[in-house]
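Each remark here refers to the structure printed beneath this line.
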Amino acid sequence: MSHSVTDPSRRAFLLGKRGSAKTPPAIRPPWTLSEADFAARCSGCGDCVDACAEGIVIIDADKLAAIDFRRGEGLCTFCGACADACHDDAFLSQDERCSSAAWAWRAVIGNACLAQQGIMCQSCKDACQTGAITFRYQLGGVAKPELALVQCDGCGGCVAPCPAAAITLGKFEASHV
Ligand code: SF4
Ligand code: SF4
Ligand code: SF4
């Protein structure tokens, strides 16, 4: 399913929206428990930070593990090393992880997108390893990005390369991905 990024009605998503657009919900590492359970169990020890070869796990202002796609390699490979390193039972068990989605985060391309404003750019497409972002060519116009949710795994690899900081991650209902 290919979704136009300019149609907000198609962004049927955002579970657990916390706060305003200026304070988006934290992205916890993949396979973590629900936010409330995670907050109760994560001690902020940093073992998952050290375990992440991609360098994207941080301890945030709440002293909880979180993902920052602007650090390190800028994407999650879903290797599971963060979960393996946790001694606080803040993640699903290894067995549960085998049968559970890593997370519900998926990329959202916002209005700051340069291509949406007629400026040639395809950096997000170049960064996406799953082919989730395609560009529809328009006669006499600049091609605009389209995101196929079913192909996006929320790895975050497109976030940092976007020169306009137009890409964020939103939590999508399972029926939409
Ligand atoms: S799954 Fe791997 S790459 Fe992703 S945050 Fe955990 S340790 Fe880092
Ligand atoms: S990289 Fe950013 S600005 Fe460029 S086309 Fe993609 S979303 Fe738009
Ligand atoms: S989050 Fe990852 S899979 Fe999804 S569009 Fe961005 S680079 Fe592609």
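For the pair Ile119 and Glu173, a Förster radius of 22 Å applied to the C-beta separation gives a FRET efficiency near 0.10, rounded to the nearest 0.05. The distance linking the stretch 51-123 with the stretch 124-147 is 22 Å (Cα centroid to Cα centroid, whole angstrom).
Largest mean-square fluctuation among Ser99, Ser123, Ser34, in a Gaussian network model of the chain whose springs join Cα atoms under 10 Å apart, belongs to Ser99. For the stretch 124-130, putting each phi into the Karplus relation 6.51 cos²θ - 1.76 cosθ + 1.60 with θ = phi - 60° gives couplings of 5, 4, 5, 7, 7, 8, 9 Hz, in residue order, rounded to whole numbers and with x for Gly and Pro. Each Cα pair under 8 Å and six or more residues apart adds its separation to the average, and for the stretch 23-108 the resulting relative contact order is 35 percent.
Lysine pairs in the chain whose alpha-carbon atoms fall under 24 angstrom of each other, counting only those eight or more residues apart or on distinct chains, come to 8. Which residue fluctuates most in the GNM of the chain (Cα springs below 10 Å): Ala160, Ala61, Ala104? Highest fluctuation of the listed residues: Ala61. Over the chain, dividing the summed -39,500 (n - 2.57) contributions of all DSSP H runs of at least 4 residues by the number of residues returns a 222 nm mean residue ellipticity of -3000 deg cm²/dmol. Taking Cβ atoms as reference points and 14 Å as the exclusive limit, the residues near Trp103 contribute a net charge of 0, counting Lys and Arg as +1 and Asp and Glu as -1. What the Cβ-Cβ distance of Ala101 and Ala53 gives, at R0 = 22 Å and to the nearest 0.05, is a FRET efficiency of 0.55. A simple count of charges around Gly55, restricted to other residues whose Cβ falls under 13 Å of its Cβ and scoring Lys, Arg +1 and Asp, Glu -1, yields -2.
Per the Debye formula with a single identical scatterer at each Cα and no solvent contribution, what log10 I(q)/I(0) holds for the chain at q = 0.09, 0.10, 0.13, 0.18 Å⁻¹? The computed values of log10 I(q)/I(0) come out as -0.32, -0.40, -0.66, -1.19.
Annotation: for a label point projected 7 angstrom from Cα along Cα→Cβ of Cys79, residues of the stretch 24-49 with backbone N closer than 18 Å are 29-32, 46-49. Where does the charge balance sit around Arg71 when Lys and Arg score +1, Asp and Glu -1, over other residues with C-beta under 13 Å from its C-beta? Every neighbour counted, the sum reads -3. Note on the chain: with a GNM built from Cα contacts shorter than 10 Å, the maximum mean-square fluctuation among Lys125, Lys63, Lys144 falls on Lys63.
Only protein atoms count toward the accessible area here, which uses a 1.4 Å probe; on the stretch 35-98, the carbon and sulfur part of that area reaches 45 percent.
Per residue, the chain exposes an accessible area of 54 Å² to a 1.4 Å probe, with every protein chain left in place. With a simple spin-label model that places each label point 7 Å from the Cα along the Cα-to-Cβ direction, the separation between Gln94 and Thr23 comes to 3.9 nm.
The values are calculated or read from the model by the stated rules, or taken from the named source; none is laboratory data. Computed from a prediction, not measured in an experiment: that's the story for all the values here. FYI the Cβ positions are ideal-geometry reconstructions off the backbone, even for glycines, and counts take in every protein chain you see. Just so you know, the surface numbers come from the protein's heavy atoms only, side chains and all, with ligands and any DNA or RNA stripped out. Shrake-Rupley method; radii C 1.70, N 1.55, O 1.52, S 1.80 Å.
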